[in-house]
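What follows is a single structure, written as structure tokens, with notes after it.
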Amino acid sequence: MTSPAKPVSMTVVGGYLGAGKTTLINSLLASAEGVRIAVIVNDFGDINIDADLIKSRDAKTLELSNGCICCDLSDGMASVMDQIRALRPAPDHVVVEVSGVGDPAAVARWADHPGFRRNGVVVCADVTDVRRRAEGRWSADTVRGQLRAGDVLLLTKQEVASEGEARLVRAWLREVAPGVPVLDGSLETIGTLLDPLLRRGSDERTEHADHVRWSGTTGRTVELTKLRTILTRMPERVVRAKGIVRSVDDPLRRTIVQLAGARVDCYDDGEWQDGEVSRLAVIAIGDEPIDQVIPAGLRALFTS
Ligand SMILES: Nc1nc2c(ncn2[C@@H]2O[C@H](COP(=O)(O)OP(=O)(O)OP(=O)(O)O)[C@@H](O)[C@H]2O)c(=O)[nH]1
């Protein structure tokens, strides 16, 4: 008789758009030597940028896009869970990245399915941006619901904030999400996130604020300076942009472009792959069509 397979431990990573979820998962993958990890990525847009940003040498990455796993992708999630159960050798852990507008508590309920065990919910909070988003007209309910859904909160981007700012955000988090421990994003802390985190099962359900998305692709090279200038001047409604581009100055390399909080970052990500196209996704808040906030210059850069 074969013994029943050990349940796969499930850790859910949530947090608002750009809070640092993919970065955290990459740190987890880098620090978890000898542990077999599968990753499920739910990108909010129709082009899969997050799946390309997961740096795994051997972790199996499965993607779900064009919707949010917490509300309208349950068939897709069920099928991905089956694929994980069928993996041989079986993974020890599955880490699920919820989309930046998703409700981590709803996704964590998948851990109650046969073959899985709930490890807990980590919610990333960007020290430089979380309070602003938690007070924004369109994002407040989403962000506050995400924070309350955490078994632990991870304060990200502390090295770009002052100590005083981090202290204030920690105190504020204790009020917004009472009883949820706040950890820092140090490597030692990250190493512990695959240990049981479980605090409680939450039945609270948060509704999404309205978020609309736009994406563009191009087979041409992209002028990075122009792109950076456009992104630094995006209207207030734009809360996130991310992309992978082939720049005019360095067409043999991939450049990752990120707008998160008030920062625009561009960095090298290895060789450009044959068959790739430059792509950019932008997310804005509110229920007005996103077309109104995409500048003509940005469209021109990402029109094939
Ligand atoms: N300085 C600093 N930058 C960070 C940290 N975590 C993330 N970032 C940067 O913040 C930006 C967004 O990080 P991601 O990890 O892609 O955020 P995300 O939550 O996965 O974003 P979405 O999937 O779009 O919601 C990137 O430019 C990261 O390099 C951190 O701890 N410190």
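Some points to look at:
- In the chain, the sites counted are trypsin sites (Lys or Arg not before Pro) in DSSP loop states with at most 12 other Cβ atoms within 10 Å, and the longest stretch holding none of them, exclusive of the sites, is 58-136.
- Over region 211-301, accessible surface divided per residue gives 48 Å², non-protein components excluded, 1.4 Å probe.
- Span-like helix ranges in the chain, DSSP H, alpha carbon extent 27 angstrom or more, Kyte mean at least 1.6: none
- Largest first, the residues Asp50, Asp141 sort by 1.4 Å accessible area into Asp141, Asp50.
- Portion, in percent, of the accessible area of the chain that falls on carbon or sulfur, probe 1.4 Å: 48
- Sequence of Tyr16, Tyr267 from largest to smallest accessible area, 1.4 Å probe: Tyr267, Tyr16
- In Å², nearest 10: area of Val130 left accessible to a 1.4 Å probe: 10
- Helices in the chain, meaning DSSP H runs of at least 4 residues, each add -39500 (n - 2.57). Divided by all residues, the mean residue ellipticity at 222 nm is -7500 deg cm²/dmol.
- D (Stokes-Einstein, µm²/s), Kirkwood Cα radius, region 211-301, 0.692 mPa s at 37 °C: 248
- Those residues of region 257-279 whose amide nitrogen sits under 19 Å from the label point placed on Thr232, 7 Å along Cα→Cβ: 257-268
- Per-residue 3J(HN,Hα) values for region 241-253, derived from phi via the Karplus relation 6.51 cos²θ - 1.76 cosθ + 1.60 with θ = phi - 60°, read 8, 8, x, 10, 10, 9, 8, 4, 6, 9, x, 8, 10 Hz in sequence order (x marks Gly and Pro).
- Phi-based couplings in Hz for region 292-304 (Karplus 6.51, -1.76, 1.60; Gly and Pro marked x): 5, 10, 8, x, 4, x, 6, 4, 5, 5, 10, 10, 4
- Computed over the Cα atoms of region 69-228, the ratio of the radius of gyration to the Kirkwood radius (Rg/Rh) comes to 1.01.
- For region 88-108, the residues whose amide N sits under 19 Å from a probe point set 7 Å from the Cα of Ala78 along the beta carbon direction are 106-108.
- In this Cβ point-charge picture (+1 for Lys and Arg, -1 for Asp and Glu), the chain has a dipole of about 240 debye about its Cα centre.
- The candidates Met81, Met234, arranged from most to least accessible area with a 1.4 Å probe in the full protein assembly, appear as Met234, Met81.
- Averaging 1/r across all pairs of distinct Cα atoms in the chain and inverting the result yields a Kirkwood radius of 19.8 Å.
- Think of the chain as a dipole: +1 on every Lys or Arg Cβ, -1 on every Asp or Glu Cβ, centred on the Cα centre; then among Leu87, Ala149, Pro235, Ala149 lies furthest on the positive end.
- For region 8-194, averaging the sequence separation of C-alpha pairs within contact (under 8 Å, six or more residues apart) and dividing by the residue count gives a relative contact order of 29 percent.
- Of all DSSP beta bridges confined to the chain, the antiparallel ones make up roughly 45%.
The values are calculated or read from the model by the stated rules, or taken from the named source; none is laboratory data. Quick caveat: nothing in here was measured; it's all calculated off a predicted structure. Every residue, glycine as well, gets a Cβ built from its backbone with ideal geometry; the counts of neighbours run over all protein chains shown. Ligands, DNA and RNA are stripped out before the accessible areas are found, and what is left, the full protein with its side chains, is counted by its heavy atoms. Shrake-Rupley method; radii C 1.70, N 1.55, O 1.52, S 1.80 Å.
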